[in-house]
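K.L.:
Please see the structure below; I have some questions.
The values are calculated or read from the model by the stated rules, or taken from the named source; none is laboratory data. All of these numbers come straight from a predicted model, not from anything done at the bench. Methodologically, a virtual Cβ is constructed for each residue, glycine included, from the backbone with ideal geometry; neighbour enumeration extends over all protein chains shown.
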Amino acid sequence: IFFEASLLPTLLLILGWGYQPERLQAGIYLIFYTLVASLPLLIVLFNVYFCFNTLYFPLLYDFGSVYVMFYIFMILAFLVKMPIFLFHLWLPKAHVEAPISGSMILAGVLLKLGGYGIFRVMKIISFLGLKFNYFWMSLGLFGGVIVSFICFRQIDLKSLIAYSSVAHMSMVIGGLMSMNWWGFMGSLFLMIGHGLCSSGLFCLSNIIYERLGSRSLLINKGMINIMPSMSLWWFLLSSSNMAAPPSLNLIGELSLLNSIISWSTFMFLSLIFLSFFSAVYTLYMYSYSQHGLIYSGVYTCSLGYFREYHLLFMHWLPLNILCLKGEYFF
């Protein structure tokens, strides 16, 4: 119940403080996808409680006839929140129509709740997971490659960052479905690192939007000539987004590569494309927005406020310092 209730603040932010009339459609997508995926899980939980008279995790060891239903609906409810490919259409719409606060909360916290949920329940459903996790892993990694191609076609900064979140979370799904220690720890690293990194990138895109009134890459060009100090933060967070050292994303991706390849060597090709395309569309975003000719409609622009630099610094610092204390995770 609290897991579903966590969506309400974001929904209120989208509907109340969104920029465009399309925010109503984005809110409907958000509610429809998440609730339709969660209602079957609620029914199965009622059934489990009727059979066992408890929902206490350590006591749930033999579900009997509802085990398959419990596995499918439990996994699906969390995967839609992450989101996995084919159930991801609500995320770009919600990000594009949400205000900056909604985008940062959605990217930094809510998407990670799905991964945390799978992290908690995987021990209970591990028996069926050994048989069927291969399907979810294949769908996630293959879908991540397709979403990476979609990123190449984006000209809206927010939409590009939102689709890149789907691509990154597909690798997290692969690590969780591998059901080994490297996979779980790598997923934890990547979820924390991506939450900090994507939230900072959404903040940067909003800073440009406040100055120019547009998020289009066709207009936001040559920003290094207008806001050189902000261009430094674009470079730092973009390099972290493509898993450059010393960010948490690097440690997470290396751990996930190890775990997924140990589960199945056939996934090696998808992982190569995922890692390579991640760097390509991040460089595309950085180079298009920071270099090139300045848009002729720009007549004045402020370099940035202290609160903006402070906010970006508080995203970048833990993203690159936490890797020095990896023993806290492992």
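K.L.:
Does the stretch 248-260 contain at least one residue that is of a type outside the set (Phe, Trp, Tyr), within 24 Å of His291 (Cβ to Cβ), buried (at least 18 other Cβ atoms within 10 Å of the Cβ) and modelled with pLDDT of 90 or more?
P.N.:
yes
K.L.:
Something else about it: Count, please, the residues in the stretch 4-22 that happen to be surrounded by 17 or more Cβ atoms within 10 Å (Cβ to Cβ), in a helix (DSSP H, G or I) and either among the acidic types (Asp, Glu) or touching a Gly at 6+ places or on another chain (Cβ under 9 Å) (or both).
P.N.:
5
K.L.:
Here's another thing I want to ask about it. Within the stretch 195-220, how many residues are buried (at least 20 other Cβ atoms within 10 Å of the Cβ), free of Cβ contacts under 8 Å to residues at least 60 places away in the same chain and not basic (Lys, Arg)?
P.N.:
Qualifying residue count for the region: 2.
K.L.:
A follow-up question, please. Could you pull out every one of the helices (runs of 4 or more DSSP H) wholly within the stretch 34-125 that has 1 or more residues that are charged (D, E, K, R) and under 27 Å from Ser170 (Cβ atoms)?
P.N.:
67-81, 90-97, 111-121
K.L.:
With respect to Ser126, is the statement that it is under 21 Å from Trp182 (Cβ atoms) and polar (S, T, N, Q) true?
P.N.:
Here the answer is yes, as Ser126 does meet what is asked.
K.L.:
Regarding Met242, is this residue of a type in the set (A, V, I, L, M), crowded, with 20+ Cβ neighbours inside 10 Å and out of contact with any Ser or Thr (no Cβ under 6 Å at 6 or more places or on another chain)?
P.N.:
Answer is no for this residue.
K.L.:
Taking the options Met267, Met223, Met285, name whichever one is under 25 Å from the mean Cα position of the chain (by Cα), at pLDDT below 90 and either buried (at least 20 other Cβ atoms within 10 Å of the Cβ) or not β-branched (Val, Ile, Thr) (or both).
P.N.:
Within the list Met267, Met223, Met285, the selection yields Met267.
K.L.:
Going by the conditions given, is Tyr71 touching a Leu at 6+ places or on another chain (Cβ under 7 Å), of a type in the set (Ser, Thr, Tyr) and surrounded by fewer than 14 Cβ atoms within 10 Å (Cβ to Cβ)?
P.N.:
no
K.L.:
Could you tell me how many of the residues in the stretch 87-140 are over 21 Å from Pro9 (Cβ atoms) and of a type in the set (Gly, Ala, Ser)?
P.N.:
4
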